[in-house]
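Below is one structure, written out as structure tokens, with a few remarks after it.
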Amino acid sequence: MAKRGRLEIIRDILDIIRENHNSIKPTPLLRQSNISSSRFKEYFNDLQERNFIKKVNNKNGRFILLTEKGFKFLEKYKTIVNFIDEFEL
Amino acid sequence: MPMYHLTGKAVGGFKGNIGMLTSLGFGTEILYSFIIIICSLMIYFGTKELYELSSHKGIKYFRQSFLFFALAYFFRSSIKFGLVYFNVAEIFDIPRRIFLMGVGQITLFTFMYFSSMAIFYLLYSVMWKKWNGNSKKIYLFHLLAFVIAISSLLFRNPLVYLGMNFFLLLLVIITFYISRKQSKQKKTKQNLHIIYVLLFSFWILNIIDILIPNFFQIFQLFIYLASSGIFLAMLYKVLKKVGSN
């Protein structure tokens with residue numbers, strides 16, 4: 001299996017959240033992301049800073065949700081990748 | 001040949017007469033610059049969302065390249081047109097000859113600096129991964145562009161400009177092709193390569209056109225049309241990929 005690029009990993013993380021009805025706990029997200037916990041932390045912080053995901057606390061614990069920008073990224077992911085590929089950026 | 005004759009191609013063409021601004025030559029230049037500026041800005045703003053979502057460095061440098069193209073052509077014609085059309089020389093009581101010379105020098109410097117940077121950014125957008133994303137090279141490019149711009153003001157020999165710019169063009173094309181050959185990517189995009197090489201080539205033709213006005217006088221319209229065509233082709237490719245929104 002080829003090594004995933006940065007954008008692909010971001011897509012996968014966001015996709016996992018979406019596939020779980022836009023609500024998932026951090027531990028299963030880390031497990032399903034298939035990256036080391038240190039790298040997961042980096043990506044997680046980056047995604048939070050860039051407002052792609054948000055943390056919500058309720059009585060069942062802490063959950064991760066996609067923001068509007070997160071959904072937008074998933075929607076535009078193919079366009080971004082095609083653009084990078086087309087112009088060899 | 002005195003520098004201000006070389007630099008202020010359109011300014012020299014005015015012969016001190018504002019009425020000449022409406023001549024076909026200057027009108028064509030303004031229209032040409034307008035097309036390049038519009039195409040470049042449409043590419044810059046059209047890719048804004050992709051960059052904001054991805055934070056991809058390649059997209060960032062690609063966008064900056066077209067922003068610098070827009071700035072270069074803005075300074076090439078629009079500033080000159082504005083200053084002369086609104087008769088700034090008389091408003092500030094500056095002798096006309098000195099004013100035209102100054103405008104010529106400023107527009108030449110800014111055009112050379114911004115257009116060189118545009119080419120360097122375009123090159124960097126394709127090469128940044130192979131150069132390990134070392135953003136310090138950008139400072140080197142700024143320095144190089146500054147040296148090119150200053151040299152075009154200091155040296156008064158057209159052959160020096162020609163030599164310098166052809167050397168730069170060769171350097172850019174060789175770097176680009178060596179990198180492509182080394183690339184593991186088997187599937188090459190011939191059309192895109194042709195557009196990039198043409199863009200680099202027409203950058204040189206535009207520089208020669210502005211520095212040595214008589215050199216390409218016969219082919220000037222051809223240069224304008226071909227350069228506009230390249231930018232329109234690039235815009236079409238970008239909008240097609242980004243989606244027309």
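The values are calculated or read from the model by the stated rules, or taken from the named source; none is laboratory data. Here the structure is a predicted model, which is why all the values come from computation and not from measurement. Quick reminder, even Gly has a Cβ in these numbers, built from the backbone with ideal geometry, and neighbours come from all protein chains shown.
Structure values in brief
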{"quantity": "So A:Thr67, is it within 14 Å of chain B (Cβ to nearest Cβ) and farther than 25 Å from B:Trp128 by Cα", "calculated": "yes"}
{"quantity": "In the stretch B:40-57, residue nearest to the other protein chains (Cβ to nearest Cβ) [restricted to those that are over 19 Å from A:Asp46 (Cα atoms) and surrounded by fewer than 20 Cβ atoms within 10 Å (Cβ to Cβ)]", "calculated": "B:Gly46"}
{"quantity": "Every residue from the stretch B:108-130 that is part of a loop (DSSP other than H, G, I, E, B) and either touching a Ser or Thr at 6+ places or on another chain (Cβ under 7 Å) or surrounded by fewer than 13 Cβ atoms within 10 Å (Cβ to Cβ) (or both)", "calculated": "B:Lys130"}
{"quantity": "Condition broken by A:Lys25, with the remaining ones in (1) more than 12 Å from the chain's Cα centre (by Cα); (2) buried (at least 18 other Cβ atoms within 10 Å of the Cβ) satisfied", "calculated": "(2)"}
{"quantity": "Helices (runs of 4 or more DSSP H) within the stretch B:9-107 that include 2 or more residues among the hydrophobic types (A, V, I, L, M, F, W, C) and at pLDDT below 90", "calculated": "B:9-14, B:24-46, B:79-85, B:88-91"}
{"quantity": "Residue list for the stretch A:41-64, restricted to those being within 14 Å of chain B (Cβ to nearest Cβ) and not polar (S, T, N, Q)", "calculated": "A:Glu42, A:Tyr43, A:Asp46, A:Leu47, A:Glu49, A:Arg50, A:Phe52, A:Ile53"}
